[in-house]
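In what follows, a single structure is set out as structure tokens and then discussed.
Nothing in this text is a laboratory measurement; each read-out follows from the coordinates by a stated rule. What you see is a predicted model; the values in this text were computed from it and never measured. No Cβ is skipped: glycine too gets one built from the backbone with ideal geometry, and neighbour counts run over all protein chains shown.
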């Protein structure tokens with residue numbers, strides 16, 4: 001477990017003993033991977049086992065993080081870097097269950113968006129919330145990395161609210177305040193997980209995934225409970241887990257044991273990028289030297 005900032009309750013973690021970590025989307029992806037097409041409908045399942053793996057949600061989260069570090073270091077425009085980094089990471093990891101339309105875009109020379117409303121925009125955007133120093137900045141970063149592919153209004157809105165919820169969570173907002181913000185600025189979460197679980201099915205749209213994933217966070221009593229809520233819906237479980245986990249980790253923190261167990265499923269390249277991102281963003285404020293277009297020596 002390298003590069004993790006161990007700042008708990010006073011720094012924003014609401015669960016005693018947890019680590020302040022931006023790995024929530026990756027944990028949720030890995031936990032949900034074994035159930036992506038399996039229709040889990042219970043919270044009682046093996047949390048991390050040999051059937052789990054990192055999927056496109058993990059790879060694209062890291063690609064966006066790579067772009068954010070480049071942008072904040074003065075390398076270039078965030079949207080252009082997002083295109084470059086997503087295409088680069090797809091070529092390194094071509095077989096991690098990308099959506100067909102996204103994969104065709106990523107492997108081509110095309111740099112224009114394709115009006116997607118898919119939940120792929122929301123599952124990759126959590127680091128925009130971690131990198132931001134204001135709610136407005138979180139939204140701006142999200143928009144910059146989303147409009148390059150998912151420029152449909154639903155794709156844009158779904159990603160933006162996830163980044164904003166991560167920012168609100170990491171900066172100490174209460175769960176009720178975050179819920180009020182979602183209800184006022186995105187969609188009203190007027191259902192419970194138990195109410196929707198029986199009939200909820202596989203859905204790749206933002207509008208059919210993001211509200212449900214956020215509901216799972218709002219009903220959680222811990223980081224692990226949030227992930228279990230998300231997977232228990234039985235839908236696109238790795239993406240539900242990634243979205244819910246992104247917000248839950250910024251709010252609750254993550255138990256060290258879960259971080260260590262998740263890293264077993266990651267290769268050295270992914271671990272190195274996570275270490276760099278943790279060094280830059282996990283303290284809650286972006287490294288000042290990165291902001292000034294330099295390097296802090298860690299990243």
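Worth a mention:
- The mean sequence distance of close C-alpha pairs (under 8 Å, at least 6 residues apart), as a share of the length of segment 48-192, puts its relative contact order at 22 percent.
- Dimensions of segment 121-160 along the principal axes, based on C-alpha atoms and rounded to the nearest Å, stand at 26, 16, 14, largest first.
- Rough spin-label spacing in nm, given labels placed 7 Å along Cα→Cβ, for residue 107 and residue 271: 3.0
- Cβ-derived FRET efficiency at R0 25 Å, residue 49 paired with residue 195, nearest 0.05: 0.30
- Once C-alpha pairs closer than 8 Å and six or more residues apart are averaged by separation and normalised to the residue number of the chain, the relative contact order reads 32 percent.
- Computed over the chain, the ratio Rg/Rh where both radii use C-alpha atoms and Rh is Kirkwood: 0.93
- Part-to-part distance (alpha-carbon centres) for segment 50-105 and segment 162-232, which is given in Å: 24
- Adding -39500 (n - 2.57) for every DSSP H run of four residues or longer, then dividing by how many residues the chain holds, sets the calculated 222 nm ellipticity at -16500 deg cm²/dmol.
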